[in-house]
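*Asks:* Sending over a structure as structure tokens; questions will come in a sec.
The values are calculated or read from the model by the stated rules, or taken from the named source; none is laboratory data. Quick caveat, the model's predicted, so the values are computed rather than measured. Every residue, glycine among them, receives a Cβ derived from its backbone with ideal geometry; neighbour counts consider all protein chains shown. SASA here: full protein model, heavy atoms, side chains in, ligands and nucleic acids out. Shrake-Rupley method; radii C 1.70, N 1.55, O 1.52, S 1.80 Å.
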There are 2 protein chains.
Amino acid sequence: MEPDALSAIASPRRREILRLVWNGEQTAGAIHRSMPDVTFGAVSLQLRSLVEAGLVEVRPQRQNRYYRARREAFGPVGQILERMWADALWKLQLAAELEQTRRGPKPRARRAKKRKV
Amino acid sequence: MEPDALSAIASPRRREILRLVWNGEQTAGAIHRSMPDVTFGAVSLQLRSLVEAGLVEVRPQRQNRYYRARREAFGPVGQILERMWADALWKLQLAAELEQTRRGPKPRARRAKKRKV
DNA sequence: CTGTTATTTTAGTTTTTACTAAAATACGGT
DNA sequence: ACCGTATTTTAGTAAAAACTAAAATAACAG
């Protein structure tokens, strides 16, 4: 088991991403479309952290980047995830957690335009 | 499995506490003596969060409070914990994580003495 | 080259987590 | 009542995590 598997699956957001790429690859865009309550950038950052933890692989093709879980990296944790996803009670729990941690819109803070060097 | 089991075991500090109360009860003081790099208050707070998550039980007796893991609340996660504790590589990993997240001493900031009302 | 689509990266904000020191509480002993 | 030990709670700090909006990058199409 990858050492960071435990902290990776502690986050409901990352668990949701893992579920989407568990049984096949998905583009970053498709993943984002499945979680419209966060920005594309936020999804991309979570994907990066999963890749850096060795838990997800990426395959670039054309303009897209296809992500998929490296299931062998999860060891026994993988079974726990699969069990959770199969369990309807867990689905409700996940919805509640996402609702709870939803961030509201933020006050502006425009950055100055950076010149191309 | 309790819904918060996953985030509970993501923290190396809470995993260490759970290990101490896994096979029998321990007083808060005994737990603290096993982790002298944090204050008693910090241990007490972690114990509280574990109790609130339904993962640990407390039994008050005399001036002491005895804590023990509610192993049935962990489901398959319990096996993962036991496996980790039996595994020397995981022990090294834990030591590294605890070392990494150790907080240094802090700059003072005395609070005003609160009068007894 | 220009424009479009897909995605990542940057810089800044907010929230959460883990902690500390000190104060408060609880319990029993004398 | 006062004292000592055990523990919790409070108030504040610091750092990490999660997020946003905007800018930057990349790959392709024309």
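*Asks:* At a cut-off of 20 Å², which residues of segment A:1-27 become less accessible once all protein chains are present than in their chain alone, using a 1.4 Å probe?
*Replies:* Going by heavy-atom accessible area, the residues of segment A:1-27 that drop by at least 20 Å² are A:MET1, A:PRO3, A:LEU6, A:ILE9, A:ALA10.
*Asks:* Give the share of C-alpha pairs in each 5 angstrom bin for segment B:5-99, from 0 to the last occupied bin, in whole percents, shortest bins first.
*Replies:* P(r) for segment B:5-99, in whole percents per bin: 2, 13, 26, 26, 20, 9, 3, 0.
*Asks:* Running Debye on segment A:1-53 with equal point scatterers at the Cα sites and no solvent, what base-10 log of I(q)/I(0) appears at q = 0.18 Å⁻¹?
*Replies:* Computed log10 I(q)/I(0) values: -0.54.
*Asks:* Against the longest alpha carbon principal axis of chain A, how many degrees, from 0 to 90 and to the nearest 10, is the axis of helix A:76-86 turned?
*Replies:* 80
*Asks:* Roughly to the nearest percent, how much of the accessible area of the protein assembly as shown is carbon and sulfur, given a 1.4 Å probe?
*Replies:* Carbon and sulfur together cover 49 percent of it.
*Asks:* Also, quick follow-up: From other protein chains only, count the Cβ atoms within 10 Å of every residue's Cβ in A:80-91, then give the mean. All intermediate terms of the calculation are to be shown ahead of the outcome.
*Replies:* Working: counts 8, 1, 0, 3, 4, 0, 0, 1, 0, 2, 2, 0.
Whole-number average of other-chain Cβ neighbours for A:80-91 is 2.
*Asks:* Given the options A:VAL58, A:ALA86, A:ALA73, identify the residue whose Cα lies farthest towards the positive end of the charge dipole of segment A:48-100 (+1 on Cβ of Lys, Arg; -1 on Cβ of Asp, Glu).
*Replies:* Farthest along the dipole direction, towards plus: A:VAL58.
*Asks:* Under the Kirkwood approximation for Rh and a Cα-based Rg, what ratio Rg/Rh is obtained for the protein assembly as shown?
*Replies:* Result for the protein assembly as shown is an Rg/Rh of 1.03.
*Asks:* Amide H to amide H, which residues 5 or more places from A:THR27 or on other chains are under 5 Å from it, using H placed in the peptide plane?
*Replies:* A:TYR67
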